[in-house]
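Structure first, commentary second.
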Amino acid sequence: MKIIVTGTGTIGAAVAAAAAQAGHDVVTVSRSAGDEQADLTDRASLDALFARIGPFDAVASCAGEVFPAPLAEATDEQWQQSIQSKGLGQINLVRSALPHINDGGSFTLVSGILGDEVTPAMSLGATVNGMVEGFVRSAATELPRGLRINCISPSVLAESTEYLPYFPGFAPVPAAEVALAYLRVISNPYTGRIVRLHRTD
Ligand SMILES: NC(=O)c1ccc[n+]([C@@H]2O[C@H](COP(=O)([O-])OP(=O)(O)OC[C@H]3O[C@@H](n4cnc5c(N)ncnc54)[C@H](OP(=O)(O)O)[C@@H]3O)[C@@H](O)[C@H]2O)c1
């Protein structure tokens, strides 16, 4: 398969490595690194990206920023930028890729533990994750041509040591395990699924 991996960070690098190891042809994308450049918050750059790279079989989204703050202190800019990037950015990634993806192809988006579990200052992240997961569940019922869509919801990553203090008492998940979940939903007939890599009980 030809797989487009957006995001070259902790999750994106692990997904790209796992996909390449499984024998797939991987194209990596971010604003400033990777094989191709595009910005999730710039719809025209997404349209240009997919027109440029031609047909492909899967999009694995491993990017999208959230700018968290306590509810009473979060600014309009923090809300707007988070929704524009991780929320609408991933939705527009799918919309821009739709005319170019091969029949039977798949989209895999990313949400996260916030929304299912409770941490301080979680409202912004939980809202955006809910937006992504709601889109995935509904888009799965509307996608044409046998296309599939799923969402990976990781716990905090073991490699993201800077985030660990914000998730006291939560078991971190290794990036390699997250990458396997992406490969699982890309390679099998999953659709409309939120694959949670965290314990909720
Ligand atoms: N790490 C965790 O613990 C964790 C847990 C659960 C969920 N998540 C979610 O997983 C996603 C990836 O997390 P990560 O830890 O792998 O992030 P990361 O290491 O910070 O890497 C983010 C990647 O996305 C790219 N990117 C950011 N904004 C972009 C944009 N507007 N357009 C295109 N590319 C963009 C960045 O490259 P450029 O700067 O070059 O664009 C970078 O390659 C995020 O949505 C995050 O919320 C992360």
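The values are calculated or read from the model by the stated rules, or taken from the named source; none is laboratory data. Quantities reported herein were computed from a predicted structural model and do not represent experimental measurements. Counting neighbours? That spans all protein chains shown, and the Cβs are built from the backbone with ideal geometry, glycine included.
Whether any residue in the range 118-136 is modelled with pLDDT of 95 or more, farther than 30 Å from VAL26 by Cα, among the β-branched types (Val, Ile, Thr) and away from the ligand (no atom under 13 Å from the Cβ) is what I want to check.
Looking for residues that are modelled with pLDDT of 95 or more, farther than 30 Å from VAL26 by Cα, among the β-branched types (Val, Ile, Thr) and away from the ligand (no atom under 13 Å from the Cβ), one finds none in the range 118-136, hence no.
Please find, within the range 101-118, the residue that is surrounded by the most Cβ atoms within 10 Å (Cβ to Cβ) out of those that are touching a helix residue (DSSP H, G or I) at 6+ places or on another chain (Cβ under 6 Å) and more than 15 Å from VAL5 (Cα to Cα).
That would be SER111.
What are the pairs, 6+ residues apart or on separate chains, where a residue within the range 88-115 that is among the aromatic types (Phe, Trp, Tyr) has its Cβ under 9 Å from a residue that is within 12 Å of the ligand (Cβ to nearest atom)?
Taking only residues 6 or more apart or on different chains, the pairs are PHE107/ALA60; PHE107/SER61; PHE107/GLN90; PHE107/LEU93.
Just one of ALA60, ALA17, ALA22 is farther than 16 Å from VAL185 by Cβ and of a type outside the set (Phe, Trp, Tyr); which is it?
Of ALA60, ALA17, ALA22, the one residue that is farther than 16 Å from VAL185 by Cβ and of a type outside the set (Phe, Trp, Tyr) is ALA17.
Run down THR127, THR161 and say which single residue is of a type in the set (S, T, N, Q), farther than 15 Å from THR108 by Cα and part of a helix (DSSP H, G or I).
None of the others qualify; the one that does is THR127.
Of all residues in the range 137-149, which are exposed (fewer than 12 other Cβ atoms within 10 Å of the Cβ) and either within 15 Å of the chain's Cα centre (by Cα) or at pLDDT below 95 (or both)?
Across the range 137-149, there are no qualifying residues.
Can you work out which of the residues in the range 144-167 that are over 16 Å from VAL195 (Cα atoms) and in contact (Cβ under 8 Å) with a residue 40 or more places away in the chain is nearest to the ligand (Cβ to nearest atom)?
SER160
So, in the range 168-179, how many residues would count as being closer than 17 Å to ARG199 by Cα and part of a helix (DSSP H, G or I)?
3
Starting from residues that are farther than 20 Å from ALA139 by Cα and β-branched (Val, Ile, Thr), keep the ones in the range 175-200 and report whichever is modelled with the highest pLDDT.
VAL178
Table: residues versus (1) near the ligand (Cβ under 8 Å from one of its atoms); (2) free of Cβ contacts under 8 Å to residues at least 60 places away in the same chain.
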residue	(1), (2)
ILE11	yes, no
ALA16	no, yes
SER32	yes, yes
ASP35	no, yes
ALA38	yes, yes
ALA51	no, yes
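I need a count of the residues in the range 27-82 that are within 16 Å of GLY7 (Cβ to Cβ), hydrophobic (A, V, I, L, M, F, W, C) and in a loop (DSSP other than H, G, I, E, B).
The qualifying residues number 6.
Please go through the range 67-104 and pick out each residue that is over 27 Å from GLU142 (Cβ atoms) and under 14 Å from the mean Cα position of the chain (by Cα).
none
Would you point out which residue out of SER85, SER96, SER106 is part of a helix (DSSP H, G or I) and either within 21 Å of TYR190 (Cβ to Cβ) or in contact with a Gly (Cβ under 6 Å, 6 or more places away or on another chain) (or both)?
Going through SER85, SER96, SER106 in turn, just one is part of a helix (DSSP H, G or I) and either within 21 Å of TYR190 (Cβ to Cβ) or in contact with a Gly (Cβ under 6 Å, 6 or more places away or on another chain) (or both): SER85.
Consider only pairs whose beta carbons are under 6 Å apart and that are at least six residues apart or on different chains; among these, list those whose first residue lies in the range 56-82 and is touching a residue at least 24 places away in the same chain (Cβ under 8 Å) and whose second residue is small (Gly, Ala, Ser) and assigned to a strand (DSSP E or B).
From the range 56-82, the pairs are ASP57/GLY105; ALA58/GLY105; ALA58/SER106.
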